[in-house]
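Bear in mind that the values in this text are calculations on the coordinates, not laboratory data. Because the structure is predicted, anything quoted here is derived from the model rather than measured. A quick note on method: Cβ atoms are made from the backbone with ideal geometry, for glycine too, and the neighbour counts reach across all protein chains shown.
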Amino acid sequence: MTRGLSVRDVDVRELMDDPQADERMLARTYGRFGFINAVVSRPGRIYRRDIRPRAAGARPLRILDIGAGGGDLCRFLAGRLRHDGIEAEITALDSDERAIRWAAAHDRGAGVRYRCALSTELADAGETFDVVLSNHVLHHLDDRELRTVLDDSRRLLAPGGLAAHHDIARGRAAYASFAAVTGLLSRNLLADSFIRVDGLLSIRRSYTATELAAIVTPDWEVRRGVPARVELRLEL
Ligand SMILES: C[S@@+](CC[C@H](N)C(=O)[O-])C[C@H]1O[C@@H](n2cnc3c(N)ncnc32)[C@H](O)[C@@H]1O
């Protein structure tokens with residue numbers, strides 16, 4: 001790991017988090033998350049491993065995606081669930097109104113519910129879900145916010161529920177490969193978006209599995225995955 005990646009760089013701020021961010025570039029960024037996630041986040045595996053096996057229980061299956069961004073994971077899951085004839089209610093939650101507006105306008109018949117709020121508001125209201133997910137959100141948080149989101153996740157789980165938070169794991173290989181691939185795509189597929197710059201900043205902000213293990217309570221399992229992935233998991 002280079003010196004620059006040996007510690008979490010919590011002082012860098014992603015361009016998409018700037019309230020003054022260029023609207024057109026922000027919209028293109030939300031629109032490209034689906035491509036990035038298809039490559040690195042393995043949504044099909046999330047569905048097969050964590051969602052479909054729970055279909056035998058609660059109906060409708062209630063799923064919450066915290067920090068849903070452009071909502072692509074929710075739409076993907078909605079499509080798979082519909083295909084498999086599984087009744088579900090999927091909530092895409094984001095604290096950024098711009099993300100929720102964009103995602104709601106691009107639902108394309110998926111039937112996802114879009115809400116602008118923090119997870120704490122839902123937990124305080126006593127709402128519960130069978131599956132609580134997030135993807136690429138942990139690195140946006142400081143240690144205190146991370147503990148809050150994990151606490152909220154636990155409170156939001158119905159009996160027998162699963163919380164699974166997925167993110168990039170900081171490291172030299174992750175940084176170098178993301179820089180190489182997005183460098184090739186920066187003038188075409190990723191042009192006029194924040195994906196390349198923010199992705200590299202994200203990796204600098206990301207936790208390693210070891211750092212997460214030192215923060216979370218022992219009931220959270222820390223899993224390493226490929227490519228350069230980390231997952232925090234709690235099953236009630
Ligand atoms: C990098 S985006 C990831 C979006 C999406 N999950 C994906 O995988 O493409 C992170 C999103 O998390 C949201 N976010 C950050 N902290 C949050 C919090 N405490 N509660 C809800 N949303 C949050 C941001 O507004 C942003 O839209």
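With n ≥ 4 as the cut-off for DSSP H runs, can you work out [θ] at 222 nm for the chain, using -39500 (n - 2.57) per run divided by the number of residues, rounded to the nearest 500? List each step's numbers first, then the result.
On the way: 9 runs with 95 residues, N = 236.
Estimated from H runs of four or more residues: -12000 deg cm²/dmol.
Each part gets one Cα centre, and for region 59-125 versus region 182-204 those centres are 25 Å apart.
Calculate the all-directions average of the projected area of the chain's alpha-carbon convex hull, and give it in nm². Before the final figure, lay out the partial values.
Numbers: hull surface 48.9 nm².
The orientation-averaged projected area of the Cα hull of the chain comes to 12.2 nm².
Taking the average, over residues, of other Cβ atoms within 10 Å as the packing measure, peptides 102-111, 163-172 rank 163-172, 102-111 from highest down. Summarising the label geometry, the points placed 7 Å from Cα in the beta-carbon direction at Ala117 and Asp18 lie 3.2 nm from one another. The charge dipole of the chain, taken about its Cα centre with unit charges on the Cβ atoms of Lys, Arg (+1), Asp and Glu (-1) only, comes to about 1040 debye. Within the listed set Thr208, Thr29, Thr148, the residue fluctuating most in the Gaussian network model of the chain (springs between alpha-carbon atoms under 10 angstrom) is Thr148.
Over the residues of region 14-113, compute the C-alpha Rg and express it relative to 2.2 N^0.38 Å.
Values: Rg = 14.1 Å, N = 100, 2.2 N^0.38 = 12.7 Å.
The value comes to 1.11.
Going by C-beta contacts inside 10 Å, put Asp65, Asp124 in order with the fewest on the left. Display every interim value, and only then the final one.
Numbers: Asp65 25, Asp124 11.
In increasing order of surrounding Cβ atoms, one gets Asp124, Asp65.
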